[in-house]
Protein chains: 2
Amino acid sequence: MASIAHELAKKQKEISVSEFFEKNKHILGFDSLTRALITAVKESVDNSLDACEDAGILPDVLVRIDKESNNEYRVTVEDNGPGIVKKQVPNVFGRLLYGSRFHTRAQRRGQQGIGVSAVVMYGQITTGKPAKIKSKISDEDVAYECELVMDTKKNRAQAVRDDFVIWEKEHGTRFEVNLKGKYVQGKQSTFEYLKGVAIVNPHARITFTPPDGKAMVFERSTEEMPPPTREVKPHPEGVELGELLNMAKYTEAKKMTSFLNTEFSRISLRVAREILDKAEISYDQRPSRLNLDQAGGIIDAVKEVKIMSPETDCLSPIGEGLIRKSLKNVLGEARASFYAPPITREPKVFGGNPFVVEVGIVYGGQLSREDPVQIFRFANRVPLMYQQGACATTQGIENVDWRRYGLEQRGGKGIPYGPAIILVHVASTKIPFTSESKEAIANVPEIREEIELALKACARKLKTHLNKAEKKSKTRVKFEIVQEIIPMIAQKSAKIVGKPVPDIAGTITKIMNVVWVEDEVVHDKKRHHVSVKLYNYTPKTQKMHIHMILPYDKVDEKSLSLEPAEVRDGSKVTWNIKKIAPTDIFELAFDLKGVDKDEYDDNEVFVSGIDPASIIGADVLPGDWDLEHITITENGGAAGEASDNGEIDYDEGAEVIGDEE
Amino acid sequence: MASIAHELAKKQKEISVSEFFEKNKHILGFDSLTRALITAVKESVDNSLDACEDAGILPDVLVRIDKESNNEYRVTVEDNGPGIVKKQVPNVFGRLLYGSRFHTRAQRRGQQGIGVSAVVMYGQITTGKPAKIKSKISDEDVAYECELVMDTKKNRAQAVRDDFVIWEKEHGTRFEVNLKGKYVQGKQSTFEYLKGVAIVNPHARITFTPPDGKAMVFERSTEEMPPPTREVKPHPEGVELGELLNMAKYTEAKKMTSFLNTEFSRISLRVAREILDKAEISYDQRPSRLNLDQAGGIIDAVKEVKIMSPETDCLSPIGEGLIRKSLKNVLGEARASFYAPPITREPKVFGGNPFVVEVGIVYGGQLSREDPVQIFRFANRVPLMYQQGACATTQGIENVDWRRYGLEQRGGKGIPYGPAIILVHVASTKIPFTSESKEAIANVPEIREEIELALKACARKLKTHLNKAEKKSKTRVKFEIVQEIIPMIAQKSAKIVGKPVPDIAGTITKIMNVVWVEDEVVHDKKRHHVSVKLYNYTPKTQKMHIHMILPYDKVDEKSLSLEPAEVRDGSKVTWNIKKIAPTDIFELAFDLKGVDKDEYDDNEVFVSGIDPASIIGADVLPGDWDLEHITITENGGAAGEASDNGEIDYDEGAEVIGDEE
């Protein structure tokens, strides 16, 4: 027995990080030939985009895949970034766990110091060939070019051949690698990956030349760089006890107050003192002497003291407008019938790292009704192609009861079915991936909850749209039947009794007994014309309030067919419609100026001051305009504060436009 | 621009492996409080079981979880393994990428050199407290005890306090760690994890004391150790070009023949020469001089030369019998109605690593009919609790069209619904996990294909069972109706016409027109009695062949009610039933001896030599007994080689028992 313990002890050995990943290459995304090729493209393109953005350059990335033999391909990725200095080339491309972005908290695609070096290693393992790098920085006349070979036992790379060469390019980097792979088309393909990159990087131009040699270009849809993102200190919420002790040990600050103030974001000196008071620690104590109990006291105090939310300028969400625009740009062929207004949530924190969640939903058109919804996942503007089932975004989608929002879903759990695409983007100074292959976001509760909230908010907008569409289509059918049958009955009866055919307009109105709301947005060259028509198909004169959510500063006031009674927050607009006689039509119309077609192409119309049962084509305004909190009830209507008698409780602000008639 | 390249260069830094994982602790399985606690238990128990098995000791593992404060828990895991020598304690428990099993090819739970050290690191990060280890090896009188603290910047641990202490235990290791976590019950819990461990480690006893202090024991269900597994050399199939070059560079062999012969498994000197001939390489060439083209030649030659399948004694599958026994043992409360005979496939190879896939299916009883099937995933006898969606086992299940095997599944893709548990176990000298948390098997095509084949083979057995059950239940309904109505009609008619009630037995037979097969296995204290009854409910005398698959060496020959006409391969048994008169019953019966109840509790009965349309309760024998290849047709019948006239084409071997009547 003892000899076994000693024998086992003898076998204990250190493992070099590159040996580890050489043997576990599937962890890095090289588990199948198809995926290996996509991973190689992904890691190289990530690096190129990060480099360009670090240097404030609009990215122009060339991706080329050549077939060398049966399952050997050559991947070439070239960018117009700032270039890499000669000395760093072997480190950037041939050394695992080495990089510039690991020790900073900033929203970057690469954060691990593994990516592209792993591609070099995989290429070498599978083909035995070195990778080739050419790089030029703009204050030098020539480019540096080399062929790199990695020693995986030592985790170091060596240039087996290098030289300075002429390169017409002003600056940039070109990376070429041979690897065993498989080029495919379809859902998980290089093409789809690059399409995803284009959706979330509207400022990048990507030129892709597949093995057949026919280049295609994903043109940038904006010339504006995303706002530059700052590095930040950790936010105190979510910092772990052991991390705090470690930080206190290594800080250069001499006092606890300055330690908290300088090492964390959002801790002013005043807040630092408040925290230390609560934790009963002296302001002047040396941080290095912080003990376990005291650290626990600080962690507890942080929960009680009011600390500002994390800075947002360290994050670069895509933004609600651009998500919609990009989706339309790239998904043109699916001709979806509805693009739900995307949701960008406020930043939140997990483990000291700020993050923000964005969601968009596309519905209808030529999307399949029989299949599960398509999920487009993104993290820091990088498309996630694999391991969908392990991703917090997927788990968020599975946790939402989509039956309430108009999609099919067995048991109210799991991925819903229906003609929809759900886009989820998580941006953070630190994306908690489940593995080094960076394909799935770990199920961190804070993140998953935000994803669920964003999904629900966006899904409500889908539901409102579907409700409106469904109610209209049902009533339209009734309309058509009534308009067809009643005149026929009238004619037949008249013929039988030998009398003239009676006027039946009033009869039809009586049978229908609804106010029909029809709204549209018409885009033409110069203007966006909005029209809301109210058809009074009831036997009584009607009055009501019409409410819309729109960018009121973009409304051409001259074009207004009726002055609004009230405009709140620059976007919540109310009109008082005083009188519509039976069978009359009232039209509310105006033009919008300077609005992008993709930004405003669907009206949000609500009504109040009228029996909700008689309204078709618009939802009832919930109390207090609190649209974020509309609960969609089982039968599909929006449960506002409509009281039993069918009248809405109209809140104070809206009473301005009370019953003047 | 240039300054940016230089600035970026300055930020480039090496990242220590423990810093990397400190910041990416979710990769190690610490992404939520609940999972953190399970991961800690899992890594410690894995280590304990591996250590016991290395030393040939039946494992006796104690797991204890104590609640220390709101979300701080203390995890204690103690084993009766061989112990760890003092010098190695800081390495085993406090150093990432360090271990005894990384450089060997053998089926072990731990292969990465990360697991338990990651637990120590996580505990320290979240609580600031050191881990405590006590270990005793059997040739020493005292145990070594220490408290370990890790320096994550250096990836080294230090004993902050250590001592030799008295421990009544002969040998073993006790590990205690405080960590931030959450103890829960339910599907993903420590209890369920340990239950899973018990299913696939029937030789281990596990005692679990949850925070409420009420200890429970998973008793071992066998006293036999699994056969010890050998370390193996890589199998030449699937070795990559670059790996081959690397191996040739570092080998101690002086000639290519001995290099291939000593560094790979299943390459004899003869095979080595054959490979070298094909690749046009001299037998005596020094391996270190192997060039790229030559290496490619060897890779190609390996595909052409016939090389034996990998050794199987490096693998320790659970085995068909024990899977069934364990499932029954642990799943008693679900009272499933059917345990499909498990499938253990032949070993295959991926990337030079042998692996074997095992599948079991449990059906019916109190399992829910409304939910997705439950999936029990295992790798090297370790239950996988998280990241189900990312796992090759799940993808294998999703790729099977379960509608053909009697489960509901929308569109024939995705996880099926129904009252079933599907167990998949993959054993390999190298499990390709998707991440260091070892919760999902990467989607390696070779493995996924084996999983699908195993699932289909097991699913066919489920389908056969369901077919039989469904046909019987349908015919039984018909029977009951006929037996109730015909006599009533007879009575009524007799009464109306004033005549005596006629004998209607023949009439019922005419209407039913089937041969009813009813089989059963009765277990009592001493014997297993098998009975197959044939009811001739047709108006004609019938003859037929009955075929069964059973361990014929276990049949008590004295008990046979009819001598078989043929026994093939020791298990394919055929009887010739020469004559059953209308309304007669024929019984075929015998006893089995020395068979475990769990191993044989369902008969596989087939018929031939009779119109298949008139048989209820047994499937038609496919041509050539080729049961692995039965295609289940849409209407649920087995499509053998039944010809159009309803007669089966009986193959040569079976003609021995031809028409003697």
How far is residue B:215 from itself in the other copies, in nm, if each label sits 7 Å out from Cα along the Cα-Cβ line, shortest first?
7.4
Would you work out if the range A:472-615 is rounded, prolate or oblate? Take a ≥ b ≥ c from the square roots of the eigenvalues of the alpha-carbon gyration tensor; rounded if a/c is under 1.5, else prolate when a/b is larger than b/c, oblate otherwise.
prolate
Testing the spin-label approximation: label points 7 Å from Cα along Cα→Cβ at residue B:68 and residue B:313. State their distance in nm.
4.7
Taking Cα pairs closer than 8 Å and at least 6 residues apart, the relative contact order of chain B in percent is 9
On average, how much area does the Cα convex hull of chain A cover when viewed from any direction, in nm²?
43.3
If each residue's Cβ is checked for other Cβ atoms within 10 Å, how do B:289, B:205 rank with the fewest at the top?
B:289, B:205
hull vol. (C-alpha, convex hull) per residue for the range B:320-464, Å³ -> 100
Taking 41 Å as R0, compute the FRET efficiency from the Cβ-Cβ separation of residue A:593 and residue A:216 and round it to 0.05.
0.70
Closest approach to the B/A rotation axis among chain B Cβ atoms, residue and whole-Å value
B:389, 1
At q = 0.13, 0.19 Å⁻¹, the log10 of I(q)/I(0) for the range B:314-402 from a Debye sum over equal Cα scatterers comes to -0.50, -1.07
Note down the net charge around residue A:36, summing +1 for each Lys or Arg and -1 for each Asp or Glu among other residues with Cβ under 9 Å from its Cβ.
+3
Under the rule of -39500 (n - 2.57) per DSSP H run of 4 or more residues, summed and divided by the residues of chain B, what mean residue ellipticity at 222 nm is obtained, to the nearest 500 deg cm²/dmol?
-9500 deg cm²/dmol
What's the average, rounded to a whole number, of partner chain beta-carbon atoms within 10 Å of each residue's beta-carbon in B:387-393?
5
Taking only Cα atoms of the range A:145-296, radius of gyration then Dmax in Å
25.8, 70
Sum of side-chain charges, residue B:89 neighbourhood, beta-carbon under 14 Å (Lys, Arg +1; Asp, Glu -1)
+3
Span per principal axis, largest first, for the Cα atoms of the protein assembly as shown (Å):
105, 103, 66
So which aspartates and glutamates pass the test for residue B:278, namely a Cα distance under 12 Å, with those fewer than 8 places away in the same chain ruled out?
B:300, B:304
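From the cross-link list B:471/B:597; A:254/B:180; B:233/B:303; A:456/A:554; A:42/A:134, which pairs have alpha carbons spaced over 22 Å apart?
B:471/B:597; A:254/B:180; A:456/A:554, as the Cα separations exceed 22 Å there.
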Net charge, residue B:491 excluded, C-beta distance under 13 Å - Lys, Arg +1, Asp, Glu -1:
+1
Rounded if a/c under 1.5, otherwise prolate or oblate - the range B:17-218, Cα gyration tensor axes
rounded
Here the averaged projected area of the range B:225-362, based on the convex hull of its alpha-carbon atoms and given in nm², is 10.1
How long are the semi-axes of the ellipsoid equivalent to the range B:455-531, from square roots of 5 times the Cα gyration tensor eigenvalues, in whole Å, largest first?
39, 17, 9
Highest to lowest packing among B:159-169, A:151-161, scored as the average C-beta count within 10 Å:
A:151-161, B:159-169
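If you take each beta carbon of peptide B:232-244 and count the beta carbons of other chains within 10 angstrom, what is the mean?
Whole-number average of other-chain Cβ neighbours for B:232-244 is 3.
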List, in order, the whole-Hz ³J(HN,Hα) value for each residue of the range B:378-386 obtained from phi through the Karplus relation with A = 6.51, B = -1.76, C = 1.60 and θ = phi - 60°; use x for Gly and Pro.
9, 9, 6, 6, 10, x, 9, 9, 10
Teacher prompt: residue A:540 distances to equivalent labels in other copies, 7 Å Cα→Cβ, nm:
8.0
Once a ≥ b ≥ c are taken as the square roots of the eigenvalues of the Cα gyration tensor of the range B:241-304, is the result rounded (a/c under 1.5), prolate (a/b larger than b/c) or oblate (a/b not larger than b/c)?
rounded
Starting with the highest mean, order A:27-34, B:246-253, B:544-551 by the number of other Cβ atoms within 10 Å, averaged over the residues of each peptide.
A:27-34, B:544-551, B:246-253
Percent antiparallel among DSSP beta bridges confined to the range B:17-218, rounded to 5, stands at 90
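Please list B:92-103, B:215-226, B:308-319, B:39-50 highest first by mean number of surrounding beta-carbon atoms within 10 Å per residue.
B:39-50, B:92-103, B:308-319, B:215-226
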Using 0.36 nm per residue, how much length does the chain from residue B:224 to residue B:478 gain when fully extended, once their Cα-Cα distance is taken away?
86.4 nm
In nanometres, the difference between 0.36 nm per residue of separation and the alpha-carbon distance of residue A:507 and residue A:563 is 16.8 nm
Within the set A:86/B:249; B:87/B:154; B:10/B:153; B:23/B:154; B:474/B:572, which residue pairs have Cα atoms separated by over 23 Å?
A:86/B:249; B:474/B:572
What are the distances, in nm and sorted shortest first, from the label point of residue A:365 to the label points of the same position in each other copy, with each label point placed 7 Å from Cα along the Cα-to-Cβ direction?
5.1
Evaluate the Debye formula for the range A:382-442 with equal point scatterers sitting on the alpha carbons, no solvent, and hand back log10 of I(q)/I(0) at q = 0.14, 0.16, 0.26 Å⁻¹, in q order, two decimals.
-0.44, -0.56, -1.08
List the lysines whose Cα sits under 18 Å from the Cα of residue A:478, skipping any in the same chain fewer than 8 residues away.
A:468, A:510
Please compute the contact order of the range A:398-462 in relative form: average sequence separation of alpha-carbon pairs under 8 Å and at least six residues apart, divided by the residue count, as a percent.
29
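Taking beta carbons within 10 Å but only from partner chains, what does the mean come to for residues A:426-437?
For peptide A:426-437, the averaged partner shielding equals 4.
No lab work stands behind these numbers, since they all come straight from the coordinates. In this text the structure is predicted, and so the values were computed from the model without any measurement. Don't worry about glycine lacking a Cβ; one is built from the backbone with ideal geometry, like all the others, and counts go over all protein chains shown.
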